[in-house]
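First comes the structure, then the notes that go with it.
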2 protein chains.
Amino acid sequence: MHITQLVFRAEQLRCQQAATEFMGQKFTWTETADRVRRMAGAFETLGLGKNDHIAILSLNSNVYFESLFGIPQIGARMVPLNIRWAAAEFVYSLTDSGSKALLFDKTFMPLVEKLRAEELPVEQYLFMGSDADCPDWAKPLEKLMADAEPKQKFEHGDDHLAGIFYTGGTTGFPKGVMIDHVALFTSAVSIAAASPADENCSVLHAAPMFHMADLATIFMFTVLGGRHVIIPAFDPEVTMNVIADANVTDALLVPAMIQMMFDHPNFDAAKLANIQRILYGASPMPEGLLRRAMKAVDGLEMMQAYGQTELAPIATILLPEEHVLEGDRSVQLRSAGRAAYSIQIKIVDDEHQPLPQGEIGEICCTGPNTMKGYWNKPEQTASTLIDGWVHTGDAGYLDEHGFLYIVDRVKDMIVTGGENVYSAEVESVVSTHPSVSQVAIVGIPSDEWGEAVHAIVISAAGAEQDAEAIIEHCKAKIAGYKCPKSVSFRSEPLPLSGAGKVLKRELRAPFWEGKDRQVN
Amino acid sequence: MHITQLVFRAEQLRCQQAATEFMGQKFTWTETADRVRRMAGAFETLGLGKNDHIAILSLNSNVYFESLFGIPQIGARMVPLNIRWAAAEFVYSLTDSGSKALLFDKTFMPLVEKLRAEELPVEQYLFMGSDADCPDWAKPLEKLMADAEPKQKFEHGDDHLAGIFYTGGTTGFPKGVMIDHVALFTSAVSIAAASPADENCSVLHAAPMFHMADLATIFMFTVLGGRHVIIPAFDPEVTMNVIADANVTDALLVPAMIQMMFDHPNFDAAKLANIQRILYGASPMPEGLLRRAMKAVDGLEMMQAYGQTELAPIATILLPEEHVLEGDRSVQLRSAGRAAYSIQIKIVDDEHQPLPQGEIGEICCTGPNTMKGYWNKPEQTASTLIDGWVHTGDAGYLDEHGFLYIVDRVKDMIVTGGENVYSAEVESVVSTHPSVSQVAIVGIPSDEWGEAVHAIVISAAGAEQDAEAIIEHCKAKIAGYKCPKSVSFRSEPLPLSGAGKVLKRELRAPFWEGKDRQVN
């Protein structure tokens, strides 16, 4: 399925039903399909077409939503940019992708004005806000759309690519992941098939649209023909209010967002009464938070998706009925669920050989939603995409029912005295100590052990900072070699990637200054 | 998704759960995956491999099921043969497809022995029954599998084709429809997503496995990881008993099968108590039968799928909740439902131009589950697959909510006095006359009108054969030009295709002898 067809199909089935709602502005599916066709028409008027790359730098909006269908309609490729990047990363990704056009909104106007001083491949700057606010060095997209002839056909570029999606970059400079239409569609239909959501549902887009997690949610609910409620960016209080006021039934939220919402002084469970499901993912969910959310909101279904940009992005799904809080099956809560319909999983050792069920190794996935490779990076492609299998860089194991347990990033795994220690296991134990609010486990240099297990802790409000107590707590629960040898306390938040993942590289850096860390 | 991966994924998730049950023999998913890998290994030992065509001529069995995964695993293409064909059609399709191997069961052993006298491309005859029954001119598949090294990898042939599927041929000689892995998988996951069925369901395969309708059901329930209950062929009483005894929850049945089951003297609604859903399709469902089934079995969900081999085969789905017997929405019962997740629909005129919503024209579909073309038939491919759109040959229209109403085969449409008459509409009216059991409407030659509307009626038991009464009945309900000008009565059953479609070509033939019928 060409991704633009999802809108044309929704138009046929859902015509006068609500498609998007953003800051009080509402569009039906008929209107949205017309706006997509006009945007495609406008792009062609500007000389854009097949195989051109069109970047987007914007907060969430209905125009962002429409551009995800308007850009591929002409056979061009979308390049959504991470809004949290530094200037150097914008310059890098615009240059690396060779983006001929850049769509931007009012929030990023000052930044884009500065970026223009750099040598960039961008020929067209297209302003997504109201025409009156359009700077003289840019073209007003709304006016271009109003004047354009709606384009009826959809085109395919080479390799049927839909976009280049730069990875959050928890390690080093971002890489452009090449994703085709089949991958985006398969991922969307697989998760639509797993979710009880249907066309009568309304999904909240509070997570950033540049990220594959929310992108996939956009495509999933467009497959379903549901309603999209869009806010510019996540804010815990705004999110609660919009869920209540706009009758939101479904939301994609990363664990950090759920935590902020439930920890907010104005948290009010009654405001979440309409919500039927929270889809979460992109980083591990603390079990305590999961239990808290499910107990606070009556009938709330939780659904986990695990994956990565290279999988467009779905690998596994933990279904609502698999979120069992008590009894034997509650162990599944610690898993990332089972392979999505479109995914086959294997666990491999350092030599890429499959491991028996139950053994820990690198998680590899194959299926129609795998990437085509990294843009301009044949070497990284060759080491990640082997024989059609995406090597995720995550370490984990499968249980006898196909539930996948993720234990660490392969690169974050600690090798101490010849033993592998997986930070997720240690973090899970440390986090149950009453003095601990948040924890990250990293490997630090040790003359004796090669690496030593180190805990970086944010204490609970008012709690005593007692490293020994935390270490003793661990010794009672896990093997001695897994226990932290040392603990440091910090008061500032843990550094997070755009996707809400803890940046262990940054946490490790001060310890490793001047030293080389060996990783697989 | 390579179609063989569906079994490997099910193995990972469902290992010791039941996969197939056939004549008392049960295999788990672990065993089934092993049998598939052994079959693939056996094929390679015989020198079969990528791009080879392997035909199957057999009643339903677990070995048939396994061959649908074992054949594509080596990159070969499955060629399931219609068991109702005449010898000439077997020779034609084996020759046309260039099949290098033929899998056959005990039922078709005498036929295959005769076919061997013809000049065929077949080099290997592989017997699917027990080794002791294997004739000396064939090789015993079970023994080959037992001796084979299980093959772990799956291969792709050119164009990623999974098989050549010969169409039932309601018109002329069968055509080989080329279907790739993406098409089979997308079709399966789209219908899995629409159905409430899950991995705990058991599906009955009573419809013939050579037909795309049951094939799609096999792939759908393998995506889900459900249990497959297989009987050699449909029999109304056996079907009822197996549904009861094997705890069948889901079944694919064509309307003619449902009719035979409900009309059977030993019909017992209690035997259907376990069944949750009947998936029906392949030919129009009389509304009376639908109502009867839904009233007879408490809580029975009906789900319709419309499509054709060229769509692998899903085009539209009428969901259980859209089967509303009373009120405004009951009109949807006459529709074939709405576009599946993977399908976009348009209705076109004779010049292939899109028609506005509500107008009748040829139904065209596009999506990832369209065929790659007809094997060896570039001209027919060019006239059917235009710009990625499959021209179905069915005439119909879309309502304002995207529900598709099929009015006729384009070729069966009657042009009388310059007016189009759609046989489905007239049949629906005639069938409501109490004296009528079954009816087929065809166009017959008329000097005055070009074609005249003619009704072929099978009377209800004991009813009077009164042509005038039937014609008068119609005149009270539809426009005069649509009413039959004449009626003929027959006692033998209407001729049906392998898929249970009425063969209008055969019904028309005696009327048109020596005359040319003009069609679009």
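The values are calculated or read from the model by the stated rules, or taken from the named source; none is laboratory data. Source: prediction; values computed, not measured. Glycine gets a Cβ as well: all are built from the backbone with ideal geometry, and neighbour counts include every protein chain shown.
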### Task
Just give me the residues in region A:461-518 being in a loop (DSSP other than H, G, I, E, B), small (Gly, Ala, Ser) and surrounded by fewer than 17 Cβ atoms within 10 Å (Cβ to Cβ), in sequence order.
A:Ala461, A:Gly462, A:Ala463, A:Ala476, A:Ala479, A:Ser491, A:Gly514
### Query
Which residues, taken from region A:391-427, are charged (D, E, K, R) and either over 30 Å from A:Ala460 (Cβ atoms) or in a strand (DSSP E or B) (or both)?
A:Asp394, A:Asp399, A:Glu400, A:Asp408, A:Arg409, A:Glu419
### Task
Give the residue that is surrounded by the most Cβ atoms within 10 Å (Cβ to Cβ), with candidates limited to residues of region B:229-258 that are under 25 Å from B:Gly129 (Cβ atoms) and not aliphatic (A, V, I, L, M).
B:Thr239
### Query
Taking region A:428-456 as the region of interest, how many residues are of a type outside the set (Gly, Ala, Ser) and either assigned to a strand (DSSP E or B) or within 22 Å of the chain's Cα centre (by Cα) (or both)?
11
### Message
Can you list residue pairs whose Cβ atoms sit under 7 Å apart, with the first residue in region B:338-357 being more than 9 Å from every other protein chain (Cβ to nearest Cβ) and the second being of a type in the set (Ser, Thr, Tyr) and surrounded by 14 or more Cβ atoms within 10 Å (Cβ to Cβ)? Count only pairs 6 or more apart in sequence or on different chains.
### Response
B:Ala340/B:Ser190; B:Ala340/B:Thr316; B:Ile347/B:Tyr397
### Task
Could you please find all residues in region A:460-494 being at pLDDT below 90 and of a type in the set (D, E, K, R)?
A:Lys477
### Query
For B:Ala18, are the conditions met, namely being away from every other protein chain (no Cβ under 12 Å) and surrounded by fewer than 24 Cβ atoms within 10 Å (Cβ to Cβ)?
yes
### Task
Go through (1) part of a strand (DSSP E or B); (2) surrounded by 24 or more Cβ atoms within 10 Å (Cβ to Cβ) one by one and return the number of the condition A:Ser187 breaks.
(1)
### Message
When you scan region A:420-434, do you find a residue that is free of Cβ contacts under 8 Å to residues at least 40 places away in the same chain, surrounded by 15 or more Cβ atoms within 10 Å (Cβ to Cβ) and among the small types (Gly, Ala, Ser), even just one?
### Response
no
### Query
Based on what the data block shows, is A:Gly70 closer than 27 Å to A:Phe27 by Cα, buried (at least 21 other Cβ atoms within 10 Å of the Cβ) and over 24 Å from the mean Cα position of the chain (by Cα)?
no
### Task
Sort out which residues of region B:170-184 are in a loop (DSSP other than H, G, I, E, B) and either within 14 Å of chain A (Cβ to nearest Cβ) or not aromatic (Phe, Trp, Tyr) (or both), and write them in order of number.
B:Thr170, B:Thr171, B:Gly172, B:Pro174, B:Lys175
### Query
Could you give every pair whose Cβ atoms fall below 9 Å, whose first residue belongs to region A:112-140 and is without any contact (Cβ under 8 Å) to a residue 40 or more places away in the chain, and whose second residue is in a loop (DSSP other than H, G, I, E, B) and of a type in the set (D, E, K, R), counting only separations of at least 6 or pairs across chains?
A:Pro121/A:Lys100; A:Glu123/A:Lys100; A:Tyr125/A:Arg116; A:Phe127/A:Asp105; A:Gly129/A:Asp105; A:Trp137/A:Arg116
#### Entry: Filtered residues of region A:32-51 (kept if touching a strand residue (DSSP E or B) at 6+ places or on another chain (Cβ under 7 Å) and free of Cβ contacts under 8 Å to residues at least 60 places away in the same chain)
A:Thr32, A:Phe43
### Task
Run A:Val7 past the list (1) over 22 Å from A:Ala206 (Cα atoms); (2) crowded, with 23+ Cβ neighbours inside 10 Å; (3) within 14 Å of another protein chain (Cβ to nearest Cβ) and report the number of the one that doesn't hold.
(1)
### Options B:His228, B:His264; residue that is in contact with a helix residue (DSSP H, G or I) (Cβ under 7 Å, 6 or more places away or on another chain), closer than 21 Å to B:Gly24 by Cβ and of a type outside the set (A, V, I, L, M)
B:His228
#### Entry: Options B:Glu123, B:Glu142, B:Glu155, B:Glu119; residue that is within 14 Å of another protein chain (Cβ to nearest Cβ) and among the acidic types (Asp, Glu)
B:Glu155
## Note on the structure
Only one of B:Asp408, B:Asp412, B:Asp399 is charged (D, E, K, R) and either at pLDDT 95 or above or within 30 Å of A:Gln17 (Cβ to Cβ) (or both), namely B:Asp399
### Query
If you scan region A:363-390, which residues turn out to be touching an Asp or Glu at 6+ places or on another chain (Cβ under 9 Å) and not in a loop (DSSP other than H, G, I, E, B)?
A:Ile363, A:Cys365, A:Thr366, A:Tyr374, A:Thr384, A:Leu385, A:Val390
### Task
Take B:Ser99 and decide whether it is more than 27 Å from B:Val203 (Cβ to Cβ) and either assigned to a helix (DSSP H, G or I) or among the β-branched types (Val, Ile, Thr) (or both).
no
### Summary
Matching residues in region B:322-337 (within 12 Å of chain A (Cβ to nearest Cβ) and basic (Lys, Arg)) number 0
### Query
When residues of region B:358-400 are filtered for being farther than 22 Å from A:His2 by Cα and within 11 Å of another protein chain (Cβ to nearest Cβ), how many remain?
2
### Task
Scan region B:134-153 residue by residue and report those that are touching a strand residue (DSSP E or B) at 6+ places or on another chain (Cβ under 8 Å) and surrounded by 13 or more Cβ atoms within 10 Å (Cβ to Cβ).
B:Cys134, B:Pro135, B:Ala138, B:Lys139, B:Pro140, B:Leu141, B:Leu144, B:Lys151
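Condition check ((1) under 30 Å from B:Trp375 (Cα atoms); (2) small (Gly, Ala, Ser); (3) within 14 Å of chain A (Cβ to nearest Cβ)) across all residues:
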position: B:Trp29; (1), (2), (3): no, no, yes
position: B:Met39; (1), (2), (3): yes, no, no
position: B:Glu44; (1), (2), (3): yes, no, no
position: B:Gly75; (1), (2), (3): yes, yes, yes
### Summary
Filtering strands (runs of 3 or more DSSP E) wholly in region B:10-86 for at least 2 residues that are at pLDDT 95 or above, touching a Pro at 6+ places or on another chain (Cβ under 8 Å) and in the same structural domain as B:Leu204 (by TED's automatic domain parsing) gives B:53-57
### Query
For B:Asp52, are the conditions met, namely being away from chain A (no Cβ under 14 Å) and surrounded by fewer than 18 Cβ atoms within 10 Å (Cβ to Cβ)?
no
### Message
For region A:338-375, which positions are polar (S, T, N, Q) and within 20 Å of A:Ala188 (Cα to Cα)?
### Response
A:Ser342, A:Gln344, A:Thr366, A:Asn369, A:Thr370
### Query
Quick check: is even one residue across region A:304-321 more than 14 Å from chain B (Cβ to nearest Cβ), at pLDDT 85 or above and more than 20 Å from the chain's Cα centre (by Cα)?
no
### Task
Please work out which one of (1) in contact with a Gly (Cβ under 6 Å, 6 or more places away or on another chain); (2) at positive phi is the condition A:Asp349 fails and give its number.
(2)
### Message
Looking at region A:505-517, I want the residues that are in the same structural domain as A:Ser446 (by TED's automatic domain parsing) and have a partner that is assigned to a helix (DSSP H, G or I) with Cβ atoms under 9 Å, at least 6 apart or on another chain. Which pairs are those?
### Response
A:Arg505/A:Lys411; A:Arg505/A:Asp412; A:Arg508/A:Asp412
